[in-house]
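**Q** Here's a structure for you.
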Amino acid sequence: MKNTINILSDNVINQIAAGEVIKRPASIIKELIENAIDAKASSIQIIITNAGKTLIQVIDNGIGMNEHDAKICFQKHTTSKIKNTQDIMNINTMGFRGEALASIASVSSVELKTKTQKDAIGTYINIENSEIKKQKKIALNTGTSISVKNLFFNIPARKNFLKSDKIEFKHILETFMQLAIVNYSVSFQFNNNGKIIYNLSSTNLKKRIIQLFGKRYNEKILPIEEKTSIVSIKGFLGNPIDAKKTRGEQFIYVNNRFIKSTYLNHAIKTSMDNIITKDQYPTFFIFLTVASSSLDVNIHPNKTEVKFEDDQSIYQILKSTCKKSIGMYNVRPSLDFTTESSFEIPAYIQKKIPREPTLTINKDFNPFFKSNTEKNDTHTQKNTLFLEEDYTQNLIIKDIINIDLNYAVFNIIVNHQSLLNIIDKQRALNRIAYEEAYHMLRNQKNTAQILTELEYININATDLTLLKEHKNILQKIGYHINKFTDRGVEIKAIPVGVRPSDIKDILDFFLEKLKNKDIDLTSEFIQQNARKITFNNYSNDQLSNLLSKDILKSLILKLFHCETPFIGIDGHPCVIELEPHKLFK
Ligand code: ADP
Ligand code: MG
């Protein structure tokens, strides 16, 4: 009988592996740049034509390879990065599987030029279908150049599977950005169809972000930093008020590896709960560092998902780190028709918020003063309001004109300069009511109101146990429990401003946060109560009482006393600065 089992040739094996590793031109760019980084290059040049379908070349000034290594680097399982099982537990290079070059060489025509510092002469190798076709010695600077031509020439089905140049180029750009951000100290030059599209010098993280995404980020990113025993976090958040309606620049890295994590994205998004709307996407550039032993190391080269040992804690720490950073900066929206997003922030007002905010007002503080930081954009500088502690005492508000029931314009005088603003009165009222309620609850000044009738809330057994354990938090805020029964709780008092009909919702919210082990539990619970109180407080004639200029003026002053004066609790601006030079552009 004829044998039916074949032993596959290396080339076929590599082509099968290539199916996993090399999906499209962008995958080759990723592997080649990562190899250059692993080779300690300080400068990397990328050249592509036709979205990488005809040529991808990556040239680096890294350590290079000697002749022997150059000859075997295209074989499967050849790597200089690990030797034994132990090494797998402690990987600090991007690659380690030794399959990228083998895969690439099985689906394209490759030219390698490489030289080490030690060698006087370099090596040239041409390989096709995993076979060395040509080899010679050549004169070369230390480093490596790999050209990949005619991708998938030998696998027509996969070649046909590639998308249009436009789409493939988009993937390449994404990959390039992901690597260029984290490797900010490496200089990159990117040449597409004969044109240089990026020429990035070695720099720091913030400047690299600006090199890639434009100067507007100079003013608009908030630094974040946190060190705990589980994870260290650093990076930048896009200013929340500039969040986009489309998924924008979202970059998270773990141990310098780009990852995609809806879970961690969610942590960042919820940290901005009060500031951005549900349909907006925050911008972020975040770097997490964890012990490699707490990470599933066997990450597939092409997969960007990771698994943490303690993902719940990392979620919580990330969320509170972002919150802290947002709380430390205050933003002021202004109209700008030149950007795709509707609101542009000229600068944030650097107003440190004390950990435990109080309502006391410092009466003898001085007014606005002009920015003296190294800003070079004159327009921005003109409009920068730097506020410190209490500034409203000397704040000059002039020329209030009602537009209609809901909107008014007014001038603020700062340094003899007049800034025209427009206010949304309802949002301002809500913001003020919300912050008042928040502080009352936070400082336990909100007296509990005794209910005329006990309010009975049904709760399942597991939730009841949880609730019992944390009833002190409820009590501090004004929820007094008369008794726990087998199936629920009897409530006898609730915070002033909350309605009995709100209790069910509020307890559900509280329980959900408890189950998620939310470290901001108390704070979020207070916020939720403050939101309820604000909306309960709403009445139809609030706005008609606001037509008098004196009353409006005191509303504006009160608003400017808020911690987040310029953004409504719905995430939209309360006050917008009108900048004529932008309007008439
Ligand atoms: P891995 O990166 O997983 O080790 P690769 O197939 O990507 O596997 O590369 C195989 C080996 O070839 C690497 O381990 C490295 O020793 C060498 N190599 C690849 N690219 C370069 C480069 N640009 N500079 C120096 N050595 C390189
Ligand atoms: Mg590699």
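**Q** Any idea of the accessible area per residue across the stretch 461-522, 1.4 Å probe, to the nearest Å²?
**A** Values: 3170 Å² over 62 residues.
Per residue, the stretch 461-522 has 51 Å² of solvent-accessible surface.
**Q** If you don't mind, another one. Once you have a ≥ b ≥ c as the square roots of the Cα gyration tensor eigenvalues for the stretch 410-526, tell me rounded if a/c is under 1.5, and otherwise prolate or oblate according to whether a/b is larger than b/c.
**A** Because a/c hits 1.5 or more and a/b exceeds b/c, the stretch 410-526 counts as prolate.
**Q** Taking 0.36 nm per residue of separation and subtracting the Cα-Cα distance, what length does fully extending ASP87 through ASN218 add?
**A** Full extension from ASP87 to ASN218 adds 43.1 nm.
**Q** Next up: May I ask you to give the percent of accessible area on the stretch 1-154 that is carbon plus sulfur, with a probe radius of 1.4 Å? List each step's numbers first, then the result.
**A** Details: 4020 of 7860 Å².
Carbon and sulfur together cover 51 percent of it.
**Q** In whole Å, how far is the Cα centre of the stretch 525-545 from that of the stretch 65-121?
**A** After rounding, the separation between the Cα centres reads 64 Å.
**Q** May I pose another question? Probe 1.4 Å, all protein chains in place: accessible area of TYR263 in Å², nearest 10?
**A** Number for this one is 90 Å².
**Q** Distance cut-off 18 Å, Cα to Cα: go down the list LYS398/LYS553; LYS553/LYS582; LYS53/LYS166; LYS115/LYS136 and report the pairs above it.
**A** LYS553/LYS582, as the Cα separations exceed 18 Å there.
**Q** May I ask you to rank THR321, THR49 by accessible area, largest first, using a 1.4 Å probe over the protein chains only? Intermediate values should be presented prior to the final figure.
**A** Numbers: THR321 0, THR49 40 Å².
In descending accessible area the options line up as THR49, THR321.
**Q** Which whole-angstrom value gives the distance between the alpha carbon centres of the stretch 170-209 and the stretch 6-55?
**A** Distance between centres, Cα-based: 18 Å.
**Q** For the full complex of protein chains and a 1.4 angstrom probe, list SER544, SER80 by accessible area with the highest value first.
**A** Heavy-atom accessible area, descending, gives SER80, SER544.
**Q** Something else about it: Does the stretch 52-126 come out rounded, prolate or oblate, given a ≥ b ≥ c as the square roots of the eigenvalues of its C-alpha gyration tensor, rounded meaning a/c under 1.5 and, failing that, prolate meaning a/b above b/c?
**A** Cα axes put the stretch 52-126 in the oblate bin.
**Q** If you don't mind, there's one more thing I want to ask. Considering the dipole of the stretch 65-206 built from charges on the beta carbon (Lys and Arg +1, Asp and Glu -1) around the Cα centre, which of ILE104, PHE74, SER164 is farthest to its positive end?
**A** Comparing the listed Cα positions along the dipole, SER164 ranks first.
**Q** Per-residue accessible area for ILE506 at 1.4 Å probe radius, Å² rounded to 10?
**A** Here the accessible area works out near 0 Å².
**Q** Once the Cβ-Cβ distance between ASN406 and HIS561 is put in as r, and R0 is 22 Å, what FRET efficiency do you end up with, to the nearest 0.05?
**A** The formula returns an efficiency of 0.55 here.
**Q** Suppose R0 equals 41 Å; then what is the FRET efficiency for ALA157 and GLN189 from their Cβ-Cβ distance, rounded to the nearest 0.05?
**A** Values: r = 34 Å, r/R0 = 0.83.
After rounding to 0.05, the efficiency reads 0.75.
**Q** Counting only protein heavy atoms, what percent of the accessible surface of the stretch 436-585 is carbon or sulfur at a 1.4 Å probe?
**A** Whole-percent figure for carbon plus sulfur exposure: 50.
**Q** Using a Förster distance of 51 Å, how high is the FRET efficiency between ASP165 and LYS324, based on the Cβ-Cβ distance and rounded to 0.05? Walk me through the intermediate numbers first.
**A** Details: r = 44 Å, r/R0 = 0.86.
Computed FRET efficiency for ASP165 and LYS324 comes out at 0.70.
**Q** Charges at C-beta only: +1 for Lys and Arg, -1 for Asp and Glu. How large is the resulting dipole of the stretch 484-585 about its Cα centre, in Debye rounded to 20?
**A** Computed charge dipole of the stretch 484-585: roughly 160 debye.
**Q** Sticking with this structure for a sec: Report the accessible area of ARG216, computed with a 1.4 Å probe over the heavy atoms of all protein chains in place, in Å² rounded to the nearest 10.
**A** Answer for ARG216: close to 70 Å² accessible.
**Q** Ordering THR447, THR534 by accessible area with a probe of 1.4 Å, largest first, what comes out?
**A** THR447, THR534
**Q** Checking the a/c ratio against 1.5 first, then a/b against b/c, what shape does the Cα gyration tensor give for the stretch 461-502? Don't skip to the end; give the middle numbers.
**A** Working: a/c = 2.16, a/b = 1.56, b/c = 1.39.
Note, shape of the stretch 461-502 comes out prolate.
**Q** Run the dipole for the stretch 73-165 about the Cα centre, Lys and Arg Cβ at +1, Asp and Glu Cβ at -1, nothing else charged, and hand back the magnitude in debye, nearest 20.
**A** Approximately 140 debye in magnitude.
The values are calculated or read from the model by the stated rules, or taken from the named source; none is laboratory data. A quick note: this is a predicted structure, and the numbers were derived from the prediction, not measured. In this analysis, Cβ positions are derived from the backbone assuming ideal geometry, glycine residues included, and neighbour counts consider all displayed protein chains. For the accessible areas, the whole protein counts, side chains as well, though only heavy atoms, and no ligand, DNA or RNA atoms are used. Shrake-Rupley method; radii C 1.70, N 1.55, O 1.52, S 1.80 Å.
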